[in-house]
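Remarks on the structure that follows.
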Amino acid sequence: MRTLVAPIAVALLVPLAGCGKKPFTEFVAKEGGFSVLMPGTPKEDRSSESGMKLTLYVTETWGAAYGAGYADLPPGNPGNLDGAVRGMADACNGRVISQQGQTVGTDGWLEFEIESGSPKGFAAGRVLIVGGRVYEVYVIGRKTRLADPETRSFIDSFRLTDRDSPWQSGGLPNRADAGRQPAVPGPAATVTPQPATPAPQPVP
């Protein structure tokens, strides 16, 4: 699984100069069975790694590179989410800052943030395994941290179009809120009692 991620990560190790911001529009990978909001039109790259056919879509804008891809796992290979994230970190000469997710049966997902050494910056995204297929969506750039609103919007825009996502199970968010953490109930609203309006007095 580590070797699966390396080609994707290396494809994102591009000069992050950018040529101005591009609007995010929906990109649908029909063969991949997913959609995601991408800045501009992504370039498709196909390769083979460890007997797996990898398809990657990448676009670059304003100091960041955005990628989404998939590959079908060989029979008998359940995949390794943790290994995928570590493989990304190795390919970026970086270290994993955080990762969290959940396994649901044979499926699962991990959301991660990596401090990248080459190029200098951060990589943030999500890797998931569903029905024998591994998907990855992430952005790498100087300021692309999970807390960044644009980074978060990009990651959360990823949807499977032909099946449910693993985060839909186990009390996790539904498709409309894919990837977002369950809302934490806030404190109950405080209602300040208002003084009662005096009743009208009868006229003598």
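Some points to look at:
- Of all residues in region 132-163 being open to solvent by 70 Å² or more (accessible area, probe 1.4 Å) and within 22 Å of N77 (Cβ to Cβ), the one that is modelled with the highest pLDDT: D162
- Residues in region 98-141 that are more than 19 Å from R86 (Cβ to Cβ) and assigned to a strand (DSSP E or B): V104, D107, V130, R133, G141.
Residues are listed down the side, and each one gets a yes or a no for (1) touching a helix residue (DSSP H, G or I) at 6+ places or on another chain (Cβ under 9 Å); (2) over 18 Å from G131 (Cα atoms); (3) crowded, with 18+ Cβ neighbours inside 10 Å:
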site: G40; (1), (2), (3): no, yes, no
site: G76; (1), (2), (3): no, no, no
site: D82; (1), (2), (3): no, no, no
site: R95; (1), (2), (3): yes, yes, no
site: Q100; (1), (2), (3): no, yes, no
site: G108; (1), (2), (3): yes, no, yes
site: E111; (1), (2), (3): yes, yes, yes
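- Selection from region 18-34 of residues that are open to solvent by 10 Å² or more (accessible area, probe 1.4 Å) and either within 19 Å of V130 (Cα to Cα) or part of a strand (DSSP E or B) (or both): F24, T25, E26, F27, V28, K30, E31
- No other residue among A89, A71 is in a strand (DSSP E or B), of a type outside the set (F, W, Y) and either free of Cβ contacts under 8 Å to residues at least 12 places away in the same chain or surrounded by 14 or more Cβ atoms within 10 Å (Cβ to Cβ) (or both) apart from A71.
- Every residue from region 35-61 that is of a type outside the set (S, T, N, Q), farther than 15 Å from G125 by Cα and either part of a strand (DSSP E or B) or in contact (Cβ under 8 Å) with a residue 60 or more places away in the chain (or both): P39, K43, E44, D45, R46, E49, M52, K53, L54, E60
The values are calculated or read from the model by the stated rules, or taken from the named source; none is laboratory data. It should be emphasised that the depicted structure is a prediction, and the values quoted were computed from it without experimental measurement. FYI the Cβ positions are ideal-geometry reconstructions off the backbone, even for glycines, and counts take in every protein chain you see. Accessible surface areas use protein heavy atoms only, side chains included; no ligands, DNA or RNA. Shrake-Rupley method; radii C 1.70, N 1.55, O 1.52, S 1.80 Å.
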